[in-house]
Structure formats: C-alpha cells, structure tokens
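The structure under discussion appears below in the form of structure tokens.
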Amino acid sequence: MGEYAAQLVVGVGGRAGVSVAEVCALVEETLRGAGLASGSVTALATVESKAAEAGIAGAAERFGVPLLGYPAEQLAAITVPHPSDAARTAAGTPSVAEAAALASGGELLVPKRRSMAATCAVATAQAHDLRHHGDAEVIDAGSGLVDLAVNVRSDTPPEWLKQRIAASLGDLAAYPDGRSARAAVAARHGLPVERVLLTAGAAEAFVLIARALGSTRPVVVHPQFTEPEAALRDAGHRVERVLLKAEDGFRLDPAAVPEEADLVVVGNPTNPTSVLHPAATLAALARPGRILVVDEAFMDAVPGEREALAGRTDVPGLVVLRSLTKTWGLAGLRIGYVLAEPEVIAKLTAAQPLWPVSTPALVAAEACVAPAALAEAEEAARRIAADRAHLLAGLAEFDEVSVAGVAEGPFVLIRVAGAAEVRTRLRALGFAVRRGDTFPGLDRSWLRLAVRDRATTGRLLQALDHALALTAP
C-alpha cells in the first residue's frame, strides 16, 4: 500500500565529529521503521551550534534538503516528550532532535531515536487539523449532496425512537434524573451501576479523561478519531503517537506502544480505517498503573459485537466508551457512556458539570439499550455488513483504488491517486466523502466512504468511475 507521504521535518542532533554515514543511517532506519517515505523529508533541523557539524550538514546535502538551524533558546521553549539533562547542558535545549523537529509547528510522528553518536526525531511539516470532522463536508452544502462523509446510519432515528424522545418533552421543567438510564446501561452490559457514567456523547468522555485522570505520558494509536488527542492537547498534555501502517493492514502490535505509557487510546473498530482489532490484542495493552481507553463507538455496527471489551471486568485500567449517536442517528442529541472501574468513574464524575445529559437524551439511552432495540441494532449491523461487502466488491473493480486492512465498520477507507481532485469531482456529481489527510498517519491520497444501501452505492460507483476518468492524466 506504500508509505505515509506527508511532508516531514527530521530533527537531528549529534556529538562532535559524528559522520555523515551515521546520521544518514539513523534517519533512514527511523523513517523505514515508521513506514515514512524518505522522499517526503523536506528539511533536516538542528540547533544552530550543530548546524556547521560536517556530519549533520552532509546528511542534509545527501538527502537533498535544506538544513534548518534554530537558536538554542527557541528550542528550549518547546516542550518535548523526552527531555535530557545532558542535552540541556551540552546544547542549551532538553532535546535537540525533538525540539528541532517540532520547531516548524508540526506534530511529532516519531520520538527521539539514538545511534552511538547521533539522535533524530520526525515531525510533520504542518499540524493536522484535529478538529476537522465529516460534518464539515456537508454542513453548508444544502440538501443536494448524498452524505457519505458522516458515519451516522442513514434513515435514523427510527420512528419509535422519535416518539419516545418526543414524549419526554413534557418533563423538561424538571432537572434530568439519570438513575433509570444508568441502571439500564449497566444491565445491558451486566455491570453494577458504579461502573457506568452517562455522557453527552463520547466526545465529552474524551474531555473528562484528558482533564481528570492525571496522565503523564499519554499515547494515542493512529490513524483514529482525532478528538481524543485534541482533548488531551487542550488539557495541556504532550501526546505521543503510535502510527499503524497501511502495508500492515493497520493492524496493531501491542509491542509498538511504549511500556511507560500511562494512558493509551485506541478505537475498535477504528475510525477511519474500519479495522477491528482482536479483543486479546487490546487486552494485552493493559498494565498496572495504565489507563487503557478503547473507543467502541462503532462496535454496535459489528454483527455480534465480536471483539468487544464492554462488560469486561478482568482487564485492569480498562475504560470503554460507547456512543448511541451513530447507530441510532442521535448526533444532535449527544448521548454516550463510559464503562470503567468505580474509582475511574468517580474521578470522571467529579470533573463533569451538573446535569450534563438532558432528559430527552436519558430517555433515548434507556430506549436504545432495551432488548428490542439491541435486536434491531444487530439486524442493522448484519445489513451494514452485506452493504459493505457490496461496496468493497464495486471498489475492487477500479485499478486506481485500493483498500488497506479488512473493513469491519460502517465505513471504508480507500486510497486513490489524486484523491483531493476525485473528492472535488464527486462533490460536483452530488456525493460528499470524507478527506483522509486530517487523520495523523494518513495523507491526501486517502478518502473515507460511509456504507450506504446498494442503490446509493451503485450511484456512487458510477460517479466514482466518472470522477476517476476526469482525473486521469
């Protein structure tokens, strides 16, 4: 599937006399290990006092890119994940490689790596827009576009759910009472109520986790939904990333997560890759003293909810997030919940404002976890699986389109040359699709498509054929 091709800046440090060969070997090994393309390196960067070092200057020349030199005081002001007293004493900054990589305003992709006499770190040349979401593709587009950019199930909420919500409006004069809905969610997962917290969608849960759990070394597994990282950054955390590779099918190797991470966030099935990680693989990430956050917002779109961790009490530090907005079409109502150990729930509750979930949302939560609703969701999941298979079969007919990994969610991630132009042309043909380059670990060649019914997919495939023909050189 090729390598991640975003523009990159490589921060480099080195002892006096370090050779060109050693610097180049370290940089190339670091890029290769992270699935990053050496041709995407736009600059090497270092502290000014090292810019004249022959090994570092020669490495930039060998890569055919400029060498950026930054004053030590500028680099010292940049927060880095792996500060070193030795580096601070020798160069005036706690990490030459990481600070220099970050000095252009991008985001760290690979933290500091070492050889005998050199260090390097890799960052994007520019920051990803972590707050770009699929609704931006359609919010001002009027009613003319077929929405394949947002992952909310079409033709929802169902009429019976609308009626239940409407019937709750007569109770708006009273403050919300979440006890009944909380008990219903607990019963749905076979848990005591002390392990349940209702939230205004999963997005609120990410904010509570970032603010209340006191992480010192949070790690987010990407590509995935960007709100967890955005919430952590807003709360003042320095976030490390583990980037899964397209050529590996975006599969997760637990060994890739730093042992010292005390908070790990991963989606399952993951947005936008649609990959469903085995429950055993995720459970292997658990450690004493570590919070393991698994975002299962799309798990109810997986038939049988196989690989789910919701309801498990044998995984230490496990925090599972669920959303009711995707399957039931309640994005405008904001309802989700957290499942975790009672001590964690207590900390999140203390950070939550009073009455965070409205009465209509509480009514919806109780309705959506009832046995009849769960049976309806299972039927919808099976229908989505069949519709996804139809979409994938159609996409396989295009030589220009490839899919990395095995899609198990209600959306498919595709790679296509000229994706930005294809997306624009699809828009002109009446279809809104989600750009992929705002997800860390992806670039402008990726698009995400929501799974829709066969008739809609047929029209999409015809439009895609037309868009690709117009985009072809």
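Every number here is computed from the coordinates shown, using simple stated rules; none is lab data. Predicted model only: the values in this text are computed from it and were never measured. Every residue, glycine among them, receives a Cβ derived from its backbone with ideal geometry; neighbour counts consider all protein chains shown.
Among the residues of the stretch 100-114, which ones are touching a strand residue (DSSP E or B) at 6+ places or on another chain (Cβ under 6 Å), in a loop (DSSP other than H, G, I, E, B) and either of a type in the set (Gly, Ala, Ser) or without any contact (Cβ under 8 Å) to a residue 60 or more places away in the chain (or both)?
Passing the criteria: Ala103, Ser104, Gly106.
Mind checking whether some residue in the stretch 45-55 is touching a residue at least 60 places away in the same chain (Cβ under 8 Å) and more than 27 Å from Arg217 (Cα to Cα)?
Checked against the condition, which is being touching a residue at least 60 places away in the same chain (Cβ under 8 Å) and more than 27 Å from Arg217 (Cα to Cα), the stretch 45-55 yields at least one hit.
Here are Glu247, Glu240: which of them is surrounded by fewer than 14 Cβ atoms within 10 Å (Cβ to Cβ) and in contact (Cβ under 8 Å) with a residue 40 or more places away in the chain?
Unique residue meeting the criteria: Glu247.
From the list Arg334, Arg312, exactly one residue is of a type in the set (Lys, Arg) and without any contact (Cβ under 8 Å) to a residue 40 or more places away in the chain. Which is it?
On the way: Arg334 fails: without any contact (Cβ under 8 Å) to a residue 40 or more places away in the chain.
Just one listed residue meets the conditions, Arg312.
Let's see how each residue does on (1) in a strand (DSSP E or B); (2) surrounded by 17 or more Cβ atoms within 10 Å (Cβ to Cβ):
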site	(1), (2)
Thr270	no, yes
Gly289	no, no
Val294	yes, yes
Gly304	no, no
Leu321	yes, yes
Gly332	no, no
Glu343	no, no
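Would you pick out the residues in the stretch 381-421 that are hydrophobic (A, V, I, L, M, F, W, C), within 16 Å of Ser154 (Cα to Cα) and out of contact with any Leu (no Cβ under 6 Å at 6 or more places or on another chain)? Before you say what the answer is, go through the steps one by one.
Filtering the stretch 381-421 down to residues hydrophobic (A, V, I, L, M, F, W, C) leaves 381, 384-386, 389, 391-393, 395-396, 398, 401, 403-404, 406-407, 411-414, 416-417, 419-420.
Of the ones still in play, those that are also within 16 Å of Ser154 (Cα to Cα) are 381, 384-386, 391, 411-412.
Ala381, Ile384, Ala385, Ala386, Leu391, Phe411 - these are the residues of the stretch 381-421 that are hydrophobic (A, V, I, L, M, F, W, C), within 16 Å of Ser154 (Cα to Cα) and out of contact with any Leu (no Cβ under 6 Å at 6 or more places or on another chain).
Could you say which residue among Thr313, Thr327, Thr281 is in a helix (DSSP H, G or I), surrounded by fewer than 22 Cβ atoms within 10 Å (Cβ to Cβ) and of a type in the set (S, T, N, Q)?
Thr281
Being surrounded by fewer than 17 Cβ atoms within 10 Å (Cβ to Cβ) and in contact with a Lys or Arg (Cβ under 8 Å, 6 or more places away or on another chain) is the filter here; which residues of the stretch 164-211 pass it?
Listed by number, the list holds a single entry, Val193.
Of everything in the stretch 242-279, what is small (Gly, Ala, Ser) and touching a strand residue (DSSP E or B) at 6+ places or on another chain (Cβ under 8 Å)? Give them in sequence order.
Once the filter is applied, which keeps residues that are small (Gly, Ala, Ser) and touching a strand residue (DSSP E or B) at 6+ places or on another chain (Cβ under 8 Å), the stretch 242-279 yields Ala246, Gly249, Ala256, Ala261, Gly267, Ser274.
Can you name the condition, by its number, that Leu362 falls short on among (1) under 29 Å from Val275 (Cα atoms); (2) outside any loop (DSSP other than H, G, I, E, B)?
(1)
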